[in-house]
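In what follows, a single structure is set out as structure tokens and then discussed.
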Amino acid sequence: MKNIFYKNGFTLTELMTVVIILGILMGIAGGSYRKATERSNFNEGLVAAHTIMEAVERYHAEHTTVTKPKIADLDVALAHQEAVTGDDYAVKTKYFTVTVKDGSVEAKRTNGKYVITVYPETFGTNRFEKDSCTGKSKTDFCISVGYTSCTSGVCVKP
């Protein structure tokens, strides 16, 4: 009888090569996944800020003397909305704290990475100002979501 050697598995070198390739692919995919997740979170803040600003504009149309209404006076509700203790002008969502300011609405990211500021279109001295994105340490994220003309850490929507 012949003694025939059959290869029944993979060598250590082949297995290590596969593991290294998978590690590289996961590293690339993980970074892309984090960026995509942060962009979707950014969109939540942008939509929340615009929704509150539109409600402020509707409120201002009925009450022309009030430019800074309380959140409870507005005719909107946000997804995952929670009250902010001690602040009648702010509301928390899942990832943002949205605050009604004098002449604008500000959505601040919970982890403090950036702040989105939305301005009114129908009233006030800030009327027709462009939305802005303010980064805490870098403006890279604001630029990656489409904001440009960055000066002093504040980027505006083109």
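The values are calculated or read from the model by the stated rules, or taken from the named source; none is laboratory data. Source: prediction; values computed, not measured. Cβ: placed from backbone, ideal geometry, glycine included. Neighbour counts: every protein chain shown.
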Within the range 1-33, of all residues that are assigned to a loop (DSSP other than H, G, I, E, B) and either at pLDDT 90 or above or not aromatic (Phe, Trp, Tyr) (or both), the one nearest to the chain's Cα centre (by Cα) is 11
Output the residues belonging to the range 58-100 that are among the acidic types (Asp, Glu), without any contact (Cβ under 8 Å) to a residue 12 or more places away in the chain and closer than 25 Å to residue 42 by Cα. 82
Looking at the range 135-148, is at least one residue in a loop (DSSP other than H, G, I, E, B), among the charged types (D, E, K, R), within 26 Å of residue 77 (Cβ to Cβ) and within 17 Å of the chain's Cα centre (by Cα)? no
Go through the range 122-134 and report how many residues are in contact with a helix residue (DSSP H, G or I) (Cβ under 7 Å, 6 or more places away or on another chain) and not in a strand (DSSP E or B). 2
Residue 116 surrounded by fewer than 20 Cβ atoms within 10 Å (Cβ to Cβ), not in a loop (DSSP other than H, G, I, E, B) and not hydroxyl-bearing (Ser, Thr, Tyr): no
